[in-house]
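**Q** Below is a structure I'd like to ask you about.
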Amino acid sequence: MRVGLVGAGGMMQITHLPSLLQIADVELVAIAELDRARAEALAAAYGIPRILDSAEELAAHAELLDCAVVVTLKEHHAAAIIPFLEAGVPVFTEKPLAGSRADAEKIHVASERTGTPVMVGYMRQFDPAVQLAKQLLEKGSIGDVRFAQFRDFGGNWQMGAATLHSLPIAPPPAKLPAAFSASSLSQPESIERALTEWIEVWVHDVNLMRHLLGDPQGVRYASLGPPRLAVLDYGAHETVLEVGRSTYANAPWDQAATIYGTEGRIDLVHAPPLLFRQPSALTLHTPTGSTRLDVPAREAFTEEIRYFLRCVQQGSTPTPDTAEGVADFALCEEIVGAATQPQS
């Protein structure tokens, strides 16, 4: 499988490139990166034979590629992805699908028009515990869902991963905006920053909620925080999203989901995203007792890439796709919009 890489920053180095190197029959044929020195260092370290200056230049050599892996700033996704779609090259890209809904929709339209798939990297869907939790819900193991709570207050997500490789990772991203106060709600900049944070960070939780429970009917309540809260209307039940940032340095990772049913409860406690080969913990509670379920120690980042490559090889369409990425963007916009409306 001939793979072209776009981007040589931190997430490429510490997650996607190591995953690709574990997978049999993967040939890294080229890398496109604006930072030439960083691209040269990465190419030399991993034997990548070609260095190009842009995704567009790499897409012009579509005959060399079976697929492309795009890991750039979200604001650059549309410019990086669409040339590959025009050339008929399937793309895996990091979440979110784009930096704006308009760009996300451009990518979706291009994918639909060309018939070339784009998979969005929501790695939690490939966590073995999440996959088992979805199976339990589909089998009705806890009866009908009556309430669900998704919590994500972040913490130490890297778990030392930045020191695993001899190459320096990219400079850390700009700090997320400071917590909002009630007096900031009237400032357009605060609303824009809130949406950026939902799209960049909490979109993982939005997507996980939709993956496990389906689409909500609407947003009952939302606040800009801190913490950021959203109550989603599922008709027969409500679901609460509670997200925010830890209040002290190096706090332990704090992300979990609890789903209550008429006949039981599911608890998911997520491991830090970069804790190597550590799936989430899954506990099933029923009237007969509580059971911590065994799940295989598989790496979610590696599993999502393996799945994408299998789809490319088989000519099937991978998911999460562009439609899912656009839907997540739309729900994030709806949450922030509800948070800025006067509460009755």
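The values are calculated or read from the model by the stated rules, or taken from the named source; none is laboratory data. Please read all numbers here as calculations on a predicted model, not as lab measurements. Reconstructed Cβ throughout: ideal geometry from the backbone, glycine too, with neighbour counts over all protein chains shown. These accessible areas exclude ligands, DNA and RNA; they are computed on the full protein's heavy atoms, side chains included. Shrake-Rupley method; radii C 1.70, N 1.55, O 1.52, S 1.80 Å.
**Q** So which chymotrypsin sites (Phe, Trp or Tyr not before Pro) in the range 236-344 end up in coil per DSSP with only 10 or fewer other C-beta atoms within 10 Å?
**A** Numbers: sites: 248, 253, 260, 276, 301, 307, 308, 329; in loops: 248, 253, 276.
Listed in order of number, the matching sites are 248.
**Q** Moving to a separate point now. Hey, what's the Kirkwood Rh for the range 88-159 if you take every pair of different alpha carbons, in angstrom? Working shown, then result.
**A** Numbers: mean 1/r = 0.0645 Å⁻¹.
One decimal place: 15.5 Å for the Kirkwood radius.
**Q** For the range 284-344, take the convex hull of the Cα atoms, compute a quarter of its surface area, and give me that in nm², please. Display every interim value, and only then the final one.
**A** On the way: hull surface 35.0 nm².
That works out to 8.7 nm², a quarter of the Cα hull's surface.
**Q** What does the helix-only formula give at 222 nm for the chain: each DSSP H stretch with n ≥ 4 adding -39500 (n - 2.57), the total divided by the residues, and the result rounded to the nearest 500 deg cm²/dmol? Provide the component values of the computation, followed by the final result.
**A** Details: 10 runs with 112 residues, N = 344.
Calculated at 222 nm, the ellipticity per residue is -10000 deg cm²/dmol.
**Q** If you build the Cα gyration tensor of the chain and take the root of 5 times each eigenvalue, what three semi-axes come out, in whole angstrom, biggest first?
**A** Numbers: eigenvalues 219, 111, 81 Å².
Those come to 33, 24, 20 Å.
**Q** Given a 1.4 Å probe, how much area per residue of the chain is accessible, in Å²? Could you put the intermediate results ahead of the total?
**A** Details: 15250 Å² over 344 residues.
With the other protein chains kept in place, the chain gives 44 Å² per residue.
**Q** Still on this model: Along its principal axes, what span do the Cα atoms of the range 12-169 show, with the longest given first and each in whole Å?
**A** 54, 42, 31
**Q** With a 10 Å radius around each residue's Cβ, average the other Cβ atoms per peptide and rank 81-92, 317-328, 24-35, highest first.
**A** Details: 81-92: 22.7, 317-328: 20.4, 24-35: 17.4.
Averaged packing, sorted descending, gives the order 81-92, 317-328, 24-35.
**Q** Given a 1.4 Å probe and every protein chain left where it sits, what share in percent of the accessible area of the chain is carbon and sulfur? Mind dumping the intermediate values first?
**A** Working: 7920 of 15250 Å².
Percent of accessible area from carbon and sulfur atoms in the chain: 52.
**Q** Find the centroid of the Cα atoms in the range 245-261 and in the range 262-302, then give the distance between the two in whole Å.
**A** 15
**Q** For the range 223-318, just the Cα atoms, rotate onto the principal axes and tell me the three extents in Å, largest first.
**A** 43, 41, 28
**Q** Which whole number in µm²/s is D for the range 1-90 by Stokes-Einstein, with the Kirkwood Rh taken over Cα pairs at 25 °C and 0.890 mPa s?
**A** On the way: Rh = 12.8 Å.
In µm²/s, the coefficient is 192.
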